[in-house]
């Protein structure tokens, strides 16, 4: 839960501006926005690593720094959480485990879970980006937490790795773990998340279910016919594209477009509704000076 | 706290840092002992300093030259967490940050204690063996024992000071350069021209504890602070730096 969070860095940069959202327990929530939107800063405020200028960021009603032995409650993997290159993955996990009074057998368990057992005694310096991501997930899982906060876990993963990550997230969710996962690429998390929080320039642009986001988007109507370019459109409609006798019209329903074509006696070969493409919608929402912003902004989520 | 110290020990022993700096400290110390035994300082060629028991004590006190290595050990261990970004996992695991700093200080104090004991013993034995080959006053273990306490205390405080400096200046390169420039340039320079000021600096407070001189040509231990005052000054520096480290670390944004 994040309330009116604002973070201004000393350099005068406002990374997060009056941001409020909440992630539902027991769900996978995608935390989306383009690079530089303030995702990482927000997550770091939530985890007590960065002190916010104003506002509050809490997990189950308390701040991270108030939690006793926090990694047993909240597991986190952050982009810039490194490991000493000369240390092995097992030693990296062991040093964290001992500080949190977690047994070494749990270290072996999480290495197995993320598929690093074979490489566990190799130095992290020789790891690929994908292996480092798995190690970061192993760190997050170490305390068997009921909340997972993952910052760009798909970054640097190959398609196989992304597929593995999806399975991993779904498995965690099925165990009742609440997951907040950030990404700048919607498609990475699209198949896994229940809800999405979308931010741009440190401010919220959308919070709610992925499904509601699609419905709220602008509908498009595809019409095709030999003389369709002669179709006269009423003021609020707009012709998005014209090619090979096919026109895409926005701002109108399929019935309205059909009636207009009928009234103007135009021959039609196709009349179909096209639901908004999620990726396009996401890009539209997060682009600077986005015109679609207003139509979706403020549409509350289930909570 | 025990768990955190255990974690710190695991951190130290999973990299080669301690081994490398210990060997460097040992090599530097042995070099200094050889030079002190076999070379007379300029202008004092016609006096056999080795006949002076006080000078023999200064040779054994070469163990104190490990101070700069323990300072760097502390600096590298702490600033290395920022450099390798392990500080994120460390503070996620232990969000009450001063506890991490205290655990690290305790860990390096223990390591420094063990290392300085070993170095003191090697220094004493080396001095004893080398003096056996020279025309000198007899080696006395009692003299070596007189500086044991000072060596242990001084080196432990320097290791703690290193951790504090590594928390204050998190850029590893900057922290090491500042520490070295201060130790080898600024402090000797101030001591040379203004010993009345210089004797209050950490390096000379350490020298007073080790009962060596300030290193200047006509220097002797009597120019420096009395041992209890030297201890108080060095402990004071350590406490001030440690508190400053805890306060600044608590406020720092980990990005």
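Do we have any residue at all in the stretch A:251-269 that's crowded, with 17+ Cβ neighbours inside 10 Å and part of a strand (DSSP E or B)? Looking for residues that are crowded, with 17+ Cβ neighbours inside 10 Å and part of a strand (DSSP E or B), one finds none in the stretch A:251-269, hence no. Go through the stretch B:103-143 and give me each residue that's within 14 Å of another protein chain (Cβ to nearest Cβ) and surrounded by 20 or more Cβ atoms within 10 Å (Cβ to Cβ). Matches in the stretch B:103-143: B:103, B:104, B:107. In the set (1) surrounded by fewer than 18 Cβ atoms within 10 Å (Cβ to Cβ); (2) over 21 Å from residue A:44 (Cα atoms); (3) touching a helix residue (DSSP H, G or I) at 6+ places or on another chain (Cβ under 7 Å); (4) assigned by TED's automatic domain parsing to the domain that holds residue A:99, residue A:242 fails one condition alone, (4).
Within the stretch B:84-101, restricting attention to residues that are assigned to a helix (DSSP H, G or I) and surrounded by fewer than 18 Cβ atoms within 10 Å (Cβ to Cβ), the residue that is nearest to the other protein chains (Cβ to nearest Cβ) is B:99.
Residues in the stretch A:63-91 that are touching a residue at least 12 places away in the same chain (Cβ under 8 Å), at the interface with chain B (Cβ under 8 Å from one of its Cβ atoms) and more than 27 Å from the chain's Cα centre (by Cα): A:84, A:85, A:86, A:87, A:88. The single residue among A:62, A:16, A:73, A:50 that is buried (at least 23 other Cβ atoms within 10 Å of the Cβ) and more than 19 Å from residue A:134 (Cα to Cα) turns out to be A:16.
When residue A:228 is tested against (1) in contact with a strand residue (DSSP E or B) (Cβ under 8 Å, 6 or more places away or on another chain); (2) in contact (Cβ under 8 Å) with a residue 60 or more places away in the chain, only condition (2) is not met. Taking residue A:196 as the residue in question, decide whether it is closer than 14 Å to residue A:33 by Cα and assigned to a helix (DSSP H, G or I). Answer is no for this residue. Restricted to the stretch A:46-55, and to residues there that are touching a helix residue (DSSP H, G or I) at 6+ places or on another chain (Cβ under 9 Å) and under 13 Å from residue A:7 (Cα atoms), the residue that is farthest from the other protein chains (Cβ to nearest Cβ) is A:55.
Selection of the stretch A:100-134 for residues being under 25 Å from residue A:181 (Cα atoms), in contact with a helix residue (DSSP H, G or I) (Cβ under 7 Å, 6 or more places away or on another chain) and away from every other protein chain (no Cβ under 14 Å) yields A:111, A:113, A:114, A:115, A:116, A:117, A:130, A:131.
Contact annotation: residue pairs with Cβ atoms under 7 Å, 6 or more positions apart or on different chains, pairing a residue in the stretch B:1-18 that is facing another protein chain (nearest Cβ under 8 Å) with a partner that is surrounded by fewer than 16 Cβ atoms within 10 Å (Cβ to Cβ), are B:3/A:101; B:4/B:99; B:15/A:86; B:16/A:86. If we scan the stretch A:125-136, do we find a residue that is surrounded by fewer than 23 Cβ atoms within 10 Å (Cβ to Cβ) and either outside any helix (DSSP H, G or I) or outside the structural domain of residue A:21 (by TED's automatic domain parsing) (or both)? Yes, the stretch A:125-136 has at least one match.
In the set B:238, B:249, B:212, B:151, only one residue is farther than 18 Å from residue B:71 by Cα and either within 15 Å of the chain's Cα centre (by Cα) or part of a loop (DSSP other than H, G, I, E, B) (or both); that residue is B:212.
Of everything listed in (1) surrounded by fewer than 22 Cβ atoms within 10 Å (Cβ to Cβ); (2) under 21 Å from residue B:92 (Cα atoms); (3) without any contact (Cβ under 8 Å) to a residue 60 or more places away in the chain, the single unmet condition for residue A:146 is (3). Considering only the stretch B:57-75, I want to know if a residue exists there that is farther than 20 Å from residue B:153 by Cα and in a helix (DSSP H, G or I). Looking for residues that are farther than 20 Å from residue B:153 by Cα and in a helix (DSSP H, G or I), one finds none in the stretch B:57-75, hence no. Residues of the stretch A:219-250 that are part of a loop (DSSP other than H, G, I, E, B) and over 31 Å from the mean Cα position of the chain (by Cα): A:225, A:226, A:227, A:231, A:232, A:233, A:234, A:235, A:236, A:237, A:244, A:245.
The values are calculated or read from the model by the stated rules, or taken from the named source; none is laboratory data. These numbers come from a predicted model, not from an experiment. Here the Cβ is made from the backbone with ideal geometry for all residues, glycine too, and neighbour counts use every protein chain on show.
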